[in-house]
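The values are calculated or read from the model by the stated rules, or taken from the named source; none is laboratory data. In this text, all values refer to a predicted model and were calculated from it rather than measured experimentally. No Cβ is skipped: glycine too gets one built from the backbone with ideal geometry, and neighbour counts run over all protein chains shown.
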Amino acid sequence: MDSLALLAVIVLFALVVALVAIPLRSRTAEAADERERRDIEELEAAKRAKYAEIRELEMDLRTGKLTREDFRAQDRARRGEAVELLRRLDALGAATVPPGEAPAPADNEASGARRDDA
């Protein structure tokens, strides 16, 4: 009879531990989801700001505020930063860029700049 009582105590203890742990685990999951949502929002805001910087660079080139060489260097750096933001968003499982949100590559004829991809 002692072994049956011991087994009953162990089963009861396991049941109590499981009932106590369930709410704790769900709160942890909710907190992780909230952190991920905040991270995605911050990265989306940084992405929009980076796109605005790229558009501003293109305008500066068209208005003559930047030389072609300066534009190429700054444009390449900004687009590299934008790509890194997109990679981080992809890693978090964020949605892809909606059409029309991403800046188009600088038009060689319109801007007078020559893009070197190499």
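One line per residue, one yes/no per condition, for (1) under 30 Å from Ala91 (Cα atoms); (2) of a type in the set (Ser, Thr, Tyr); (3) surrounded by 12 or more Cβ atoms within 10 Å (Cβ to Cβ); (4) modelled with pLDDT of 85 or more:
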{"site": "Ala8", "(1), (2), (3), (4)": "no, no, no, yes"}
{"site": "Leu12", "(1), (2), (3), (4)": "no, no, no, yes"}
{"site": "Ala46", "(1), (2), (3), (4)": "yes, no, yes, yes"}
{"site": "Asp70", "(1), (2), (3), (4)": "no, no, yes, yes"}
Being assigned to a helix (DSSP H, G or I), of a type in the set (A, V, I, L, M, F, W, C) and without any contact (Cβ under 8 Å) to a residue 12 or more places away in the chain: is that true of Leu43 here?
no
